[in-house]
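A.B. asks: A single structure is presented below for examination.
Nothing in this text is a laboratory measurement; each read-out follows from the coordinates by a stated rule. All of these numbers come straight from a predicted model, not from anything done at the bench. In this analysis, Cβ positions are derived from the backbone assuming ideal geometry, glycine residues included, and neighbour counts consider all displayed protein chains.
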Amino acid sequence: MKDRARRLLRPLVRLLVRLGISPNMLTFTGFLVTTLAGYFYAMGRFTLAAFVLLFAGLFDVFDGDVARLSNKVTRYGAFLDSTLDRFTEFFVFSGFIYYFQKDFLMVFLLVTALFLSLMVSYTRARGEGLGYSSRKGPMDRAARYFYVIGISFLPKAHFELYIIVFIILTFITVVRRIVDLTRLNEIKEV
């Protein structure tokens, strides 16, 4: 499905390259659009926020494809993309926390969900920093992103349940990556 979407968007990617739009500019624009989604979540406009997130997701596709097509793939670009992705997770969950601020249990669950979401990315990044990448578990970045979009269209009355499921799935992902990275014990330090 991802490859099919990329093929459909290829003409637009070529246009962006011809226009001289830099991959980092697309990354930053996606970050700004996602921040707007966080605002809509805070205002309780979940459906609108989900559509804004979907739109922001296009920039996540475009930045990498433009970088590859224009031969501008850089380590800094990858770093910027990953770093701004963590900021966007923070802004989206902050929007939820603001909206549910009077419900202590929901705030606790949302802070836990945010923490685990960041830990999924941290375990992968830390493993890569040590020379081994783990992508184990059901809640990689794309899955978390689409999960949040999906629950945004569901009744808010059950939002607590959706977040509990999110917590369980992200916890499983963190644990699977930690277990997968135990193979680092086999690698001797130099």
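A.B. asks: Quick one: length gained pulling residue 156 to residue 183 fully straight, 0.36 nm per residue minus the C-alpha distance?
C.D. replies: Details: separation 27, 0.36 × 27 = 9.72 nm, distance 4.18 nm.
Contour length minus Cα-Cα distance gives 5.5 nm.
A.B. asks: Filter the GluC sites (Glu not before Pro) in the stretch 124-190 to those in DSSP coil with at most 12 other Cβ atoms within 10 Å of their Cβ, and list the result. Don't jump to the answer; show the numbers that get you there.
C.D. replies: Details: sites: 128, 160, 186, 189; in loops: 189.
Here the sparse-neighbourhood loop sites are 189.
A.B. asks: Take the Cα of residue 78, step 7 Å along the line toward its Cβ, and report every residue of the stretch 136-177 whose backbone nitrogen sits under 18 Å from that point.
C.D. replies: 136, 141-142
A.B. asks: Scan the chain and note any complete DSSP helix (H) whose C-alpha atoms cover at least 30 Å along its axis and whose Kyte-Doolittle average is 0.0 or more.
C.D. replies: Working: long enough: 46-69 (34 Å, 1.51); 75-99 (36 Å, 0.31); 104-129 (37 Å, 1.29); 159-180 (31 Å, 1.87).
For the chain, where a helix must reach 30 Å along its axis and average at least 0.0, the hits are 46-69, 75-99, 104-129, 159-180.
A.B. asks: Choose one of 148, 173, 158: the residue whose Cα lies farthest towards the positive end of the charge dipole of the stretch 102-184 (beta-carbon charges +1 Lys, Arg; -1 Asp, Glu; about the Cα centre).
C.D. replies: With unit charges placed on the Cβ atoms, the residue in question is 173.
A.B. asks: Please state the Cα pair-distance histogram of the chain with 5 angstrom bins from zero: what percent is in each bin?
C.D. replies: In order of increasing distance, the bins hold 1, 8, 15, 17, 18, 16, 12, 8, 4, 1, 0 percent.
A.B. asks: Still on this structure, please answer the following. Among 57, 88, 17, pick out the residue whose Cα is farthest towards the positive end of the charge dipole of the stretch 1-99, where Lys and Arg carry +1 and Asp and Glu carry -1 on C-beta, about the Cα centre.
C.D. replies: Of the candidates, 17 comes out farthest on the positive side.
A.B. asks: Per residue of the chain, what 222 nm ellipticity follows from adding -39500 (n - 2.57) for every DSSP H run with n ≥ 4, rounded to the nearest 500? Don't jump to the answer; show the numbers that get you there.
C.D. replies: Details: 7 runs with 146 residues, N = 190.
Per the formula, -26500 deg cm²/dmol.
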